[in-house]
Amino acid sequence: MNMKKISAVLIAVSLMILLGTSLAVASSTSGFLDGGIQNQIFGWAWDSSNPDAAVEVQIVIKKASDNSVVLEQTVVADRYREDLLTNSIGNGYHAFHLSVDWNSLENTDYIIEASSQGTPLHGYIYYKEGTYSLASDHEVVTSGLMGSKITPLGTYKTTAYCPCRICCSGWGKRTSTGAIPTSNHTIAVDPRVIPYGSKVLINGVVYTAEDCGSGVKGKHIDIYFDSHKAARNYGVRNAEAYLVE
């Protein structure tokens, strides 16, 4: 599986599972617990009856040995992911992340579950000694990250650009490395900080560093989008970045 397609395929598989169970679950709320990297758990949730509104997600972590709850946390699914918008999941602002301090918990095996508005999200995660395993059919999609070395790079300022003249004076159809930029794949970096060709995980999507920009200096990453509207909607955000090797 090409890593740049992980997020898009993950959504496609999620939708197939959701469609397959829609007759059995009479709820307008749906979503998926996608996986985890380092101390981050991530997924998406939305309410089709109010498609552009953010919903709350309840995440529960239990000991695998006895199902005792060690952590309950509520987060808001209001982060943007372009693959959600592409697949008509509201306005795309329906992803969520949760940071977990695993060092503060007992060194044992855990099960992670999530729900929103009383509806369980599809999939659950089995956590053991720093490794996340997805207990669902879509584990085969995200298993491309399992076994990879993931190194935290810290918090980066992230912005967005597209090939239009407003964003990059019309030069966005070709990157500085000669590659053709692709949404959910291409990022512009300061190559002195992140070398060209590096795989970088940001908000659940693995990008490739293959472009630069005059305004991209230091701990700044510019994410490529196919349209100016998508780039404008992304705006400016701080995000945790991880090197994938």
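The values are calculated or read from the model by the stated rules, or taken from the named source; none is laboratory data. Computed from a predicted structure; not experimentally measured. All Cβ positions, even for glycine, are placed from backbone atoms using ideal geometry, and neighbour counts span all protein chains on display. These accessible areas exclude ligands, DNA and RNA; they are computed on the full protein's heavy atoms, side chains included. Shrake-Rupley method; radii C 1.70, N 1.55, O 1.52, S 1.80 Å.
Results, tabulated for the structure shown:
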| read-out | value |
| --- | --- |
| Test: residue in the stretch 25-37 that is within 18 Å of Y93 (Cβ to Cβ), in a helix (DSSP H, G or I) and modelled with pLDDT under 90 | no |
| Considering residues of the stretch 121-132 that are buried (at least 17 other Cβ atoms within 10 Å of the Cβ) and not aromatic (F, W, Y) only, the residue modelled with the lowest pLDDT | G123 |
| Of all residues making up the stretch 62-92, the number that are more than 18 Å from D34 (Cβ to Cβ), open to solvent by less than 80 Å² (accessible area, probe 1.4 Å) and in a loop (DSSP other than H, G, I, E, B) | 3 |
| Leading residue by the ranking (modelled with the lowest pLDDT) among those in the stretch 38-66 that are small (G, A, S) and farther than 20 Å from S88 by Cβ | S65 |
| K219 being in contact (Cβ under 8 Å) with a residue 12 or more places away in the chain and open to solvent by 20 Å² or more (accessible area, probe 1.4 Å) | yes |
| Candidate set: the stretch 37-61, residues that are among the small types (G, A, S) and open to solvent by 10 Å² or more (accessible area, probe 1.4 Å); chosen: the one farthest from L201 (Cα to Cα) | S49 |
